[in-house]
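Colleague: One structure is given below, represented as structure tokens, and several questions about it will come after.
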Amino acid sequence: MSDGPLGVRTWGPSTAYPAGVALAATWDPALAQREGVALGEDARARGVNFLLGPGVNIYRAPMNGRNFEYLGEDAHLASQMAVAYIDGVQSQGVCAVVKHFVANNSEYDRHNINTLVDERTLRELYLATFKATVQQSHVCAVMDSYNLVNGEHMTQNKTLNTDILKKEWGFN
């Protein structure tokens with residue numbers, strides 16, 4: 001397993017790929033797929049089976065320390081770019097790990113911050129890209145965010161992890 005999503009971060013020198021927000025600014029899913037293929041090739045060459053990327057949280061809080069790696073603030077654009085990126089990575093026999101599920105708006109005090117978000121905003125903005133990666137590109141794995149969402153840590157959030165991700169969307 002290796003951290004990503006802007007390169008394969010294991011031993012030795014590594015190619016640094018464009019930030020997610022820069023990739024999304026191209027509006028070019030074919031380019032995102034080519035980047036995914038290249039990342040998948042890099043991962044395979046290093047013996048990496050799981051690449052922790054792409055990062056697809058919606059860019060909603062301007063001070064979020066991870067905004068550079070996310071695919072912007074438009075849920076439709078982010079969905080199209082993420083699906084293509086994942087298709088590319090997984091075409092090389094490497095499992096993509098979409099992250100950070102969900103509403104990861106701050107790196108500051110990230111284990112304790114509580115993102116309060118209503119159902120409509122959650123579904124139309126925050127969940128849309130994750131849903132696309134599960135249902136369209138059949139992403140291998142989903143990494144929960146560190147924060148709380150509506151008062152519950154994501155790693156123990158039954159509504160989001162079980163009811164929506166697994167039961168509603170069919171994530172295996």
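The values are calculated or read from the model by the stated rules, or taken from the named source; none is laboratory data. Small disclaimer: the values here were computed from a predicted structure and weren't measured. Cβ sites come from the backbone with ideal geometry, for glycine too, and all protein chains shown count toward neighbours. The accessibility values were calculated without ligands, DNA or RNA, using every heavy atom of the protein model including side chains. Shrake-Rupley method; radii C 1.70, N 1.55, O 1.52, S 1.80 Å.
Colleague: Could you tell me how many of the residues in segment 69-82 are surrounded by 24 or more Cβ atoms within 10 Å (Cβ to Cβ) and aliphatic (A, V, I, L, M)? Walk me through it before giving the result.
Modeller: Within segment 69-82, the first condition is being surrounded by 24 or more Cβ atoms within 10 Å (Cβ to Cβ), and the residues that meet it are 70-71, 78, 81-82.
Right, trim to aliphatic (A, V, I, L, M) and you get 71, 78, 81-82.
So the answer is 4.
Colleague: If I filter segment 48-56 for residues that are touching a helix residue (DSSP H, G or I) at 6+ places or on another chain (Cβ under 9 Å), among the aromatic types (Phe, Trp, Tyr) and open to solvent by 70 Å² or more (accessible area, probe 1.4 Å), do I get at least one hit?
Modeller: Of the residues in segment 48-56, the ones touching a helix residue (DSSP H, G or I) at 6+ places or on another chain (Cβ under 9 Å) are 48-51, 53-56.
Retained after the next criterion (residues that are among the aromatic types (Phe, Trp, Tyr)): 50.
Then keep just the ones that are open to solvent by 70 Å² or more (accessible area, probe 1.4 Å); that gives 50.
Yes, there is a match, as at least one residue in segment 48-56 is touching a helix residue (DSSP H, G or I) at 6+ places or on another chain (Cβ under 9 Å), among the aromatic types (Phe, Trp, Tyr) and open to solvent by 70 Å² or more (accessible area, probe 1.4 Å).
Colleague: Name the helices (runs of 4 or more DSSP H) wholly inside segment 1-113 in which the number of residues that are of a type in the set (S, T, N, Q), touching a strand residue (DSSP E or B) at 6+ places or on another chain (Cβ under 9 Å) and at pLDDT below 95 is 1 or more. It would help to see each step written out before you state the result.
Modeller: Working: elements: 20-24, 29-45, 75-90.
It comes to none.
Colleague: Would you be able to say whether some residue in segment 110-120 is open to solvent by less than 40 Å² (accessible area, probe 1.4 Å) and not β-branched (Val, Ile, Thr)?
Modeller: no
Colleague: A follow-up question, please. Going through 66, 60 one at a time, which residue ends up being over 14 Å from the mean Cα position of the chain (by Cα) and open to solvent by 30 Å² or more (accessible area, probe 1.4 Å)?
Modeller: 60
Colleague: Only one residue in 60, 34, 46 is under 23 Å from residue 107 (Cβ atoms) and touching a residue at least 40 places away in the same chain (Cβ under 8 Å). Which one?
Modeller: Criteria check complete, one pass: 60.
Colleague: Another question about this same structure. I'm checking my understanding of the structure. Among residues of segment 131-152 that are closer than 28 Å to residue 89 by Cβ, modelled with pLDDT of 95 or more and out of contact with any strand residue (DSSP E or B) (no Cβ under 6 Å at 6 or more places or on another chain), which one is most open to solvent (accessible area, probe 1.4 Å)?
Modeller: Among them, the one singled out is 138.
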